[in-house]
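Every number here is computed from the coordinates shown, using simple stated rules; none is lab data. None of the values given here were measured: they were computed from a predicted structure. Positions of Cβ are backbone-derived with ideal geometry, glycine not excepted, and every protein chain shown enters the neighbour counts.
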Amino acid sequence: MLARERVGRLLWKLSIPAIIGMMVHGLYNIVDTFFVGRFAGTLAIGGIAIAFPVQMIIMGVGMTIGIGGASVLSRRMGERDKEGASLALGNMFLLSLATGIVGLIFGIAFMDPLLRLFGANDALMPTARDYLLVVLIGSPMFTFSMVASSSARAEGNAKVAMNTMLIGAVLNIILDPIFIVVLNMGVRGAAIATVLSVTASCIFLLHYYLWSGKCEITFQPRHLKLKPAMVGEIFAIGSSDFARTAAMSLTSAIFNNILRELGGELSIATFGIIFRVMSFVFMPMMGIAQGAQPILGFNYGSLQFNRVKKSFGLAIKATTMFALVGFIIFLLFLKVTPF
């Protein structure tokens, strides 16, 4: 499919499941914020807004390994190097778990300084700490889920990646009212619901790779061995995405600190809501980028450079179109508000 199918049709075949998954993922962020704001209060939203940049860094590490590893994986498949693809998958899995554990240890050790850095004051610190502690415990699941989803997408199985996000999002929407409202756990309940949902996604992915028999890549315990050259290649390719995520986290930290001084907790909570709504608009563009990646990597590895250029050009046009549509929607929304 990656080698022969018409590029335009192939791009949409791989992008639409990714777009659906990303949109549902963005929707669950908004639903999560609704339940927290409605039943836990403004300080709870502010606490999540403070903790979210730290969570973004953890997810950014997962995306770094996922994007870098997916590039290596799809190119090895394009070269018909089955052993190399299996080794790439094993390296991705090991790196995801190792970095998740390191993030857990480092985050707990420096939790309070990090929260202060990202704009927490005495009023927001308790809720931010409650949320972030649970999220940090789930760090290995966050990184593994993102990496395993990327590898499934890299082999051309976009529906597995989509189902992974759907399972996590739908379960989180179900668990949010249970933990936040019924059990009255507030912001900690929101974090527990999130971690349990990601854990369910991890179980689904493990079933796909180990027991379903549908995975294109043969994966055995001997492939769980880090190769320095491959690790370097993964991080070299994925580092640009980590720089993007780190820049977003830094921007959030700057805004939170400014808003804390000028408007207090309410302003930080408001910015947290706006940030999540804006992120929802970016989801289709991210889905197209995820759909294009396996086409680019596979055909680059198989030396079909015309297909690489064509898929890259189509992806640029499609993401630009979605960006313009999102821009227009925001302008229309501003015009109908009473402010």
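Could you tell me how many of the residues in region 224-238 are surrounded by 19 or more Cβ atoms within 10 Å (Cβ to Cβ) and either farther than 22 Å from Gln293 by Cα or without any contact (Cβ under 8 Å) to a residue 12 or more places away in the chain (or both)?
Total satisfying the criteria: 0.
Check region 239-252 and report whether any residue there is surrounded by 17 or more Cβ atoms within 10 Å (Cβ to Cβ), closer than 30 Å to Leu43 by Cα and more than 15 Å from the chain's Cα centre (by Cα).
yes
Those residues that are of a type in the set (Gly, Ala, Ser) and within 21 Å of Arg244 (Cβ to Cβ), I need them from region 64-79; list them, please.
Within region 64-79, Gly66, Gly68, Gly69, Ala70, Ser71, Ser74 meet the criteria.
Quick one: in region 105-124, of everything that is part of a helix (DSSP H, G or I) and in contact (Cβ under 8 Å) with a residue 40 or more places away in the chain, which residue is farthest from Ala193 (Cα to Cα)?
Leu117
Among the residues of region 207-223, write down those that are under 18 Å from Lys159 (Cα atoms), in contact (Cβ under 8 Å) with a residue 40 or more places away in the chain and of a type outside the set (D, E, K, R).
Passing the criteria: Tyr208, Tyr209, Cys215, Ile217.
Yes/no matrix, rows are residues, columns are (1) more than 19 Å from Ala246 (Cα to Cα); (2) of a type in the set (A, V, I, L, M, F, W, C):
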site	(1), (2)
Gly46	yes, no
Val54	no, yes
Asp81	yes, no
Gly84	yes, no
Leu94	yes, yes
Thr99	no, no
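Restricting region 50-92 to residues that are assigned to a helix (DSSP H, G or I) and of a type in the set (D, E, K, R), which is surrounded by the fewest Cβ atoms within 10 Å (Cβ to Cβ)?
Glu83
Any chance region 275-286 includes a residue that's surrounded by 16 or more Cβ atoms within 10 Å (Cβ to Cβ) and under 27 Å from Lys82 (Cα atoms)?
no
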